Amino acid sequence: MKHKIQSFDRENFHSICDRLSKKDKELHSILVKYGYPPFWSRQPSFETLVHIILEQQVSLASAKAALNKLKEKIGAVTPKKISLLSDMELRECYFSRQKTAYARHLADAILSKRLALKTLTLKSDEEIRKELVSIKGIGNWTVDVFLLMALHRSDIFPVGDLAMIQSLKKVKKLPAHVSQETILSLAEVWRPFRSVAAMILWHSYIQEKGIKI
C-alpha cells in the first residue's frame, strides 16, 4: 500500500492555524496574543541535517554560531568537505567531540550511498525515520525537526522537544511531571496537523522568552 504523504505549505499554513484555533482554545489564545507563527522552513539538505545535529541539546544561537563558523571555513557544507576536515578543524568550528562524530557518520552514509537525501521527499514519514535513525547521532528529535521544518510533513509531533513541551505544559496548565502518554493523548485532537500545532507552541515559547531567531 502506498503511503499518502501529507504536507503543508506557505499557502495553506494560516488556514491550518485557523482550523486548529477553532478546535483548541489554548492555541486560539496564542494566536490572539502573538499572531501567526513564522512559516519556518529549511532546505531538505545535508547542511540542514548538520545544523539540526548542532542544535541537539544546545541553544539555537550556539548551533547557528557553529554552522556559520563552518560555512566561513568551507563555504557550501557538503559531505565530501566534512569528511576532509580534521577533528581539530571541526573543533575550531565549535563542534563537540560527539557532534564531530555524528557529522562524520552522516557524511559517510551519504558518500557511501547508504542514504540518498534526494529520494527522501518521495518516502513516507515512517520510511524516512527508519532510514535516518539508522545513522549514529540521529534520533527521533532530529528526524522530527527535519520532517517538520524541511519536508513540511503535516502530522509530526516532536515529543522530545523540551521548548515545545514546556510551552504546552504552560498553556494547558499541566503539572511539571506529566507522562508522555498524557501529552500524546492531548495532541490527538490536532491530527492531522500536529506539526502546525507544534509551530504555534514554539511561537509562544519564543515570544515569551524574547528569543531572537
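Starting from the Cα of residue 23, draw a straight line to each of the aspartates and glutamates and keep only those under 12 Å, dropping any in the same chain fewer than 8 residues away.
Here the aspartates and glutamates satisfying the reach criterion relative to residue 23 are 188.
Greater than 30 Å separation of Cα atoms is the criterion. Which listed pairs, 71/212; 22/170; 4/170; 22/118; 169/212; 80/212, meet it? List each step's numbers first, then the result.
Working: 71/212 21 Å; 22/170 19 Å; 4/170 34 Å; 22/118 37 Å; 169/212 22 Å; 80/212 32 Å.
Beyond 30 Å: 4/170; 22/118; 80/212.
Each residue of segment 68-77 in order: what ³J(HN,Hα) in whole Hz does its phi give by Karplus 6.51 cos²θ - 1.76 cosθ + 1.60, θ = phi - 60°, with x for Gly and Pro?
Residue by residue, segment 68-77 yields 5, 4, 4, 5, 4, 6, 10, x, 4, 8 Hz.
Return the sequence-ordered ³J(HN,Hα) values of segment 113-127 in whole Hz as given by the Karplus equation 6.51 cos²θ - 1.76 cosθ + 1.60 applied to θ = phi - 60°, using x for Gly and Pro.
Ordered by residue, 3J(HN,Hα) equals 6, 6, 10, 10, 4, 4, 8, 4, 4, 8, 9, 6, 3, 5, 5 Hz.
Rounded, prolate or oblate: which fits segment 135-213, taking a ≥ b ≥ c as square roots of the Cα gyration tensor eigenvalues, rounded meaning a/c under 1.5, else prolate when a/b beats b/c?
Working: a/c = 1.43, a/b = 1.20, b/c = 1.19.
Rounded, since a/c falls under 1.5.
Leaving out ligands and nucleic acids, note down the accessible area per residue over the chain with a 1.4 angstrom probe, in whole Å².
Numbers: 11550 Å² over 213 residues.
Using a 1.4 Å probe on heavy atoms only, each residue of the chain averages 54 Å².
Under 12 Å from the Cβ of residue 154, count the other residues' Cβ atoms, weight Lys and Arg +1, Asp and Glu -1, and hand me the total. Present the calculation step by step, with values, prior to reporting the outcome.
Numbers: positive: 4, 19, 153, 191, 194; negative: 9, 125, 155.
It works out to a net charge of +2.
Taking H placed 1.01 Å from N in the peptide plane, check which residues at least 5 places from residue 7 or on another chain put their amide H under 5 Å from its amide H.
Under 5 Å from the amide H of residue 7: 154.
Going by average Cβ neighbours within 10 Å, how do the peptides 119-126, 166-173 rank, with the highest at the top? List each step's numbers first, then the result.
Details: 119-126: 13.2, 166-173: 16.6.
So the order, starting with the most tightly packed, is 166-173, 119-126.
Where the accessible area of segment 44-104 is counted over protein heavy atoms with a 1.4 Å probe, how much of it, in %, is carbon and sulfur? Could you put the intermediate results ahead of the total?
Values: 1740 of 3100 Å².
For segment 44-104, the apolar C and S fraction of the accessible surface comes to 56 percent.
Can you tell me the dipole magnitude for segment 8-121 around its Cα centre, using point charges on the Cβ only (Lys, Arg +1; Asp, Glu -1), in Debye to the nearest 20?
Here segment 8-121 has a charge dipole of around 160 debye.
Full-extension gain between residue 130 and residue 172, please, as 0.36 nm times their residue separation minus the C-alpha to C-alpha distance. Provide the component values of the computation, followed by the final result.
Numbers: separation 42, 0.36 × 42 = 15.12 nm, distance 3.19 nm.
Gain in length upon complete extension: 11.9 nm.
How large are Rg and Dmax for the chain when calculated on the C-alpha trace, in angstrom?
Just the Cα atoms of the chain yield Rg and Dmax of 17.9, 53 Å.
At 0.36 nm per residue, minus the direct Cα-Cα distance, what do residue 73 and residue 34 gain on full extension? Give it in nm, one decimal, please.
10.3 nm
Amide H to amide H, which residues 5 or more places from residue 45 or on other chains are under 5 Å from it, using H placed in the peptide plane?
Close amide H contacts, sequence-distant or interchain: none at all.
Report the charge-dipole magnitude of segment 103-197 in Debye, nearest 20, computed about the Cα centre from +1 at each Lys and Arg Cβ and -1 at each Asp and Glu Cβ.
On the way: 15 positive and 10 negative charges, 37 e Å.
Dipole magnitude for segment 103-197 comes out near 180 debye.
Place +1 on the Cβ of every Lys and Arg and -1 on the Cβ of every Asp and Glu in the chain, take the dipole about the Cα centre, and give the residue among 122, 28, 176 whose Cα lies farthest towards its positive end.
122
So, in nm, how far is label residue 88 from label residue 191 when the simple model puts each one 7 Å beyond its Cα toward the Cβ?
Simple spin-label model gives 5.4 nm for this pair.
The values are calculated or read from the model by the stated rules, or taken from the named source; none is laboratory data. Please read these numbers as outputs of a predicted model, since none were measured by experiment. A quick note on method: Cβ atoms are made from the backbone with ideal geometry, for glycine too, and the neighbour counts reach across all protein chains shown. Only protein heavy atoms, including side chains, enter the accessible area calculation; ligands, DNA and RNA are left aside. Shrake-Rupley method; radii C 1.70, N 1.55, O 1.52, S 1.80 Å.
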